[in-house]
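J.: This structure is in structure tokens; I'll ask about it shortly.
The values are calculated or read from the model by the stated rules, or taken from the named source; none is laboratory data. All figures in this text were calculated on a predicted structure; none of them were measured in a lab. So basically every Cβ, Gly included, is an ideal-geometry build from the backbone, and we count neighbours across all protein chains shown.
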Amino acid sequence: MESILGRALEYTLKHWLKSFSRDQFKLQGRTVQLYNLDLNGDVLHSSVGFPPALNVTAAKVGKLEITLPSVSNVQIEPIIVQIDRLNLVLEENFDFEPSETQPSCSPSSASTKGSGYGFADKVDSFISKCK
């Protein structure tokens, strides 16, 4: 059973993680715990929907816990994923040039380089527009 779960986790998590092998986890009952995982910043950036004016330079999960449903209730019970300590390092993308075709949850056109519209202002503007 553990090898089947290992293959399923490896298939699913390899998209999100920079590196993952089945050796990294132990199944304890129906719970899998993984520690100190490096996330793929590009995948995270596109999945979360960060504005193009920001880059994810580092993303790390301290602890990832996955609780699986019982075999008899696999179609009824949810898979529970808990993340403890998500560390993100974002930086301004200086190569970004705003265009008129940006989605509404993006920084305003005042976000060009040298305009005095700083990194913190871009993050705040993005969060405010997406509320």
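J.: It is to be established whether one or more residues within the range 51-62 are over 30 Å from residue 92 (Cβ atoms), over 14 Å from the mean Cα position of the chain (by Cα) and in contact (Cβ under 8 Å) with a residue 24 or more places away in the chain.
T.: Checked the range 51-62: no residue is over 30 Å from residue 92 (Cβ atoms), over 14 Å from the mean Cα position of the chain (by Cα) and in contact (Cβ under 8 Å) with a residue 24 or more places away in the chain.
J.: Surrounded by 14 or more Cβ atoms within 10 Å (Cβ to Cβ), at pLDDT below 85 and of a type in the set (Val, Ile, Thr): is that true of residue 123 in this structure?
T.: yes
J.: So, in the range 1-49, how many residues would count as being assigned to a loop (DSSP other than H, G, I, E, B), crowded, with 16+ Cβ neighbours inside 10 Å and out of contact with any strand residue (DSSP E or B) (no Cβ under 7 Å at 6 or more places or on another chain)?
T.: Summing the residues that are assigned to a loop (DSSP other than H, G, I, E, B), crowded, with 16+ Cβ neighbours inside 10 Å and out of contact with any strand residue (DSSP E or B) (no Cβ under 7 Å at 6 or more places or on another chain) in the range 1-49 gives 1.
J.: Can I ask one more? Can you run down the residue pairs with Cβ atoms below 7 Å, 6 or more apart or on separate chains, where the first is in the range 85-98 and over 12 Å from residue 50 (Cβ atoms) and the partner is not in a strand (DSSP E or B) and not basic (Lys, Arg)?
T.: Qualifying pairs under 7 Å: 98/109; 98/111; 98/112.
J.: Anything in the range 57-87 that is surrounded by 12 or more Cβ atoms within 10 Å (Cβ to Cβ) and assigned to a loop (DSSP other than H, G, I, E, B)? List them, or say none.
T.: Within the range 57-87, 68, 69, 77 qualify.
J.: Conditions first: (1) at pLDDT 85 or above; (2) in contact with a Ser or Thr (Cβ under 8 Å, 6 or more places away or on another chain). Residue 58 passes all but one, so which condition is the exception?
T.: (2)
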